[in-house]
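Undergrad: Sharing a structure here in structure tokens format.
The values are calculated or read from the model by the stated rules, or taken from the named source; none is laboratory data. Values in this document were obtained by computation on a predicted structure and should not be read as measured data. Positions of Cβ are generated from backbone atoms using ideal geometry, with glycine treated the same way; all protein chains shown enter the neighbour counts. Remember, those area values only see protein heavy atoms, side chains included, never the ligands or the DNA or RNA. Shrake-Rupley method; radii C 1.70, N 1.55, O 1.52, S 1.80 Å.
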Protein chains: 2
Amino acid sequence: MTFMEHALAEAEKAGHRGEVPIGAVLVSGGLIIARDGNRTLELNDPTAHAEVLVIRAACAALKSQRIPACDLYVTLEPCAMCAAAISFARIRRLYYAAGDEKGGAVDHGGRFFSSPTCHHAPEIYAGIAEAPARHLLKEFFQGRRS
Amino acid sequence: MTFMEHALAEAEKAGHRGEVPIGAVLVSGGLIIARDGNRTLELNDPTAHAEVLVIRAACAALKSQRIPACDLYVTLEPCAMCAAAISFARIRRLYYAAGDEKGGAVDHGGRFFSSPTCHHAPEIYAGIAEAPARHLLKEFFQGRRS
């Protein structure tokens with residue numbers, strides 16, 4: 001399984017919990033050190049996006065608010081909140097699957113990493129496993145509508 | 001004491017803990033329901049800005065990820081992470097003291113609340129108690145340099 005496939009598995013689990021199916025894993029030295037999916041409903045926490053949860057978990061484990069040797073894999077383009085958290089944590093590389101024209105802040109909206117108030121940007125790789133990530137979200141929202 | 005003075009007291013306490021002196025309070029129905037200052041160092045959590053901490057605390061207490069009857073008072077202009085969290089939590093009014101041209105995302109940088117990927121913006125009131133908020137930060141950074 002690739003790291004993005006692990007992130008997709010977390011997204012699927014989030015969907016089964018009734019959360020928007022987005023998942024993330026944080027990788028350091030070739031190992032997954034944190035994995036989670038959205039939990040905003042379960043935790044009554046609007047900041048409990050998959051990215052924030054894995055960053056908080058990894059920083060707690062590594063006892064630092066900066067984790068510059070870590071790479072993040074996430075199934076959807078991060079929003080402004082998560083992009084800024086990625087920047088504050090000094091994450092090295094960001095891999096995301098599907099773009100998010102409604103809420104994304106990497107290649108859409110405020111394009112946080114290109115803004116003058118961003119003081120660290122990761123290397124960015126977009127589009128890996130885009131089709132399955134998008135399929136999960138589409139199925140989820142179609143299921144809610146019907 | 002005004003609500004912003006309570007936020008300033010939290011900022012001062014954060015400074016005494018060695019954190020960047022920024023404080024916030026969340027108000028509902030004329031009462032403070034959450035108050036805190038930055039704790040990124042103490043918690044090894046890059047997301048532990050004052051705003052995120054009070055939003056998480058209030059949402060947990062009110063058992064909802066949306067708290068539309070709440071107003072946030074914070075001593076510094078929120079960054080992109082906090083601005084997006086304020087939006088997700090559907091906060092009604094944002095009062096901030098000092099502007100932040102280096103990291104702010106309300107009236108600087110990506111101006112999150114005016115971006116096309118922002119789906120809720122609070123009413124915004126800036127500049128209340130700007131002088132004491134700025135003074136606290138200036139003193140803190142001068143102290144660190146010397």
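Undergrad: Kindly provide the set of residues from the range A:22-41 that are outside any loop (DSSP other than H, G, I, E, B) and not hydroxyl-bearing (Ser, Thr, Tyr), ordered by number. Explain how you work it out, then say what you get.
TA: Restricting attention to the range A:22-41, the residues satisfying the condition of being outside any loop (DSSP other than H, G, I, E, B) are A:23-28, A:31-37.
A:Gly23, A:Ala24, A:Val25, A:Leu26, A:Val27, A:Leu31, A:Ile32, A:Ile33, A:Ala34, A:Arg35, A:Asp36, A:Gly37 - these are the residues of the range A:22-41 that are outside any loop (DSSP other than H, G, I, E, B) and not hydroxyl-bearing (Ser, Thr, Tyr).
Undergrad: Would you check which residues across the range B:34-51 are open to solvent by 50 Å² or more (accessible area, probe 1.4 Å) and either within 9 Å of chain A (Cβ to nearest Cβ) or not acidic (Asp, Glu) (or both) and list them? Spell out the reasoning first.
TA: From the range B:34-51, those open to solvent by 50 Å² or more (accessible area, probe 1.4 Å) are B:35, B:39, B:41-43; that's our starting set.
Of everything in the range B:34-51, those that are open to solvent by 50 Å² or more (accessible area, probe 1.4 Å) and either within 9 Å of chain A (Cβ to nearest Cβ) or not acidic (Asp, Glu) (or both) turn out to be B:Arg35, B:Arg39, B:Leu41, B:Leu43.
Undergrad: Now for a separate question. What residue, among those in the range A:107-138 that are without any contact (Cβ under 8 Å) to a residue 12 or more places away in the chain and of a type in the set (D, E, K, R), is nearest to A:Ala97 (Cα to Cα)?
TA: Within the range A:107-138, the match that is nearest to A:Ala97 (Cα to Cα) is A:Lys138.
Undergrad: Further question on the same structure: Could you grab me the full set of residues in the range B:47-73 that are free of Cβ contacts under 8 Å to residues at least 12 places away in the same chain and of a type outside the set (A, V, I, L, M, F, W, C)?
TA: Step one: list which residues in the range B:47-73 are free of Cβ contacts under 8 Å to residues at least 12 places away in the same chain, which gives B:48, B:56, B:60, B:63-64.
Once the filter is applied, which keeps residues that are free of Cβ contacts under 8 Å to residues at least 12 places away in the same chain and of a type outside the set (A, V, I, L, M, F, W, C), the range B:47-73 yields B:Arg56, B:Lys63, B:Ser64.
Undergrad: When A:Leu76 is evaluated against the numbered criteria (1) under 24 Å from B:Cys59 (Cα atoms); (2) touching a residue at least 24 places away in the same chain (Cβ under 8 Å), which criterion, by number, is the only one it fails?
TA: (1)
Undergrad: To continue, here is another question. Enumerate the pairs (first residue in the range B:1-19 and over 19 Å from B:Ile55 (Cβ atoms); second residue anywhere and aromatic (Phe, Trp, Tyr) and assigned to a helix (DSSP H, G or I)) with beta-carbon separation below 6 Å, excluding pairs fewer than 6 apart on the same chain, so at least 6 apart or on different chains.
TA: Hits for this filter: B:Gly15/B:Phe140.
Undergrad: Here are B:Val54, B:Val74, B:Val106: which of them is of a type in the set (A, V, I, L, M, F, W, C), more than 9 Å from chain A (Cβ to nearest Cβ) and under 17 Å from A:Ala83 (Cα atoms)?
TA: Testing whether each residue is of a type in the set (A, V, I, L, M, F, W, C), more than 9 Å from chain A (Cβ to nearest Cβ) and under 17 Å from A:Ala83 (Cα atoms) leaves just B:Val106.
Undergrad: Does A:Ala105 meet the test of being touching a Cys at 6+ places or on another chain (Cβ under 9 Å) and open to solvent by less than 50 Å² (accessible area, probe 1.4 Å)? Explain how you work it out, then say what you get.
TA: Details: touching a Cys at 6+ places or on another chain (Cβ under 9 Å): yes; open to solvent by less than 50 Å² (accessible area, probe 1.4 Å): yes.
Yes: the conditions hold for A:Ala105.
Undergrad: Scanning for something over 17 Å from A:Ala85 (Cβ atoms), touching a strand residue (DSSP E or B) at 6+ places or on another chain (Cβ under 7 Å) and either within 14 Å of chain A (Cβ to nearest Cβ) or aromatic (Phe, Trp, Tyr) (or both), does the range B:8-15 turn up at least one residue?
TA: No, the conditions are met nowhere in the range B:8-15.
Undergrad: Return yes when B:Phe140 is of a type outside the set (Ser, Thr, Tyr), crowded, with 24+ Cβ neighbours inside 10 Å and touching a helix residue (DSSP H, G or I) at 6+ places or on another chain (Cβ under 6 Å) and no when it is not.
TA: In short, no.
Undergrad: Something else: Just a yes or no: is a residue in the range B:86-97 within 24 Å of B:Met1 (Cα to Cα) and hydroxyl-bearing (Ser, Thr, Tyr)?
TA: Yes, the conditions are met somewhere in the range B:86-97.
Undergrad: Follow-up. Out of A:Ala121, A:Ala80, report the one residue that is modelled with pLDDT of 95 or more, within 13 Å of chain B (Cβ to nearest Cβ), within 25 Å of B:Ser87 (Cβ to Cβ) and open to solvent by less than 20 Å² (accessible area, probe 1.4 Å).
TA: The match here is A:Ala80.
Undergrad: Could you please find all residues in the range B:83-102 being within 17 Å of B:Gly29 (Cβ to Cβ) and either open to solvent by less than 20 Å² (accessible area, probe 1.4 Å) or touching a residue at least 60 places away in the same chain (Cβ under 8 Å) (or both)?
TA: Within the range B:83-102, B:Ala89, B:Ile91, B:Tyr95 qualify.
Undergrad: In the range A:109-118, how many residues are hydroxyl-bearing (Ser, Thr, Tyr) and either within 7 Å of chain B (Cβ to nearest Cβ) or open to solvent by less than 10 Å² (accessible area, probe 1.4 Å) (or both)?
TA: 2
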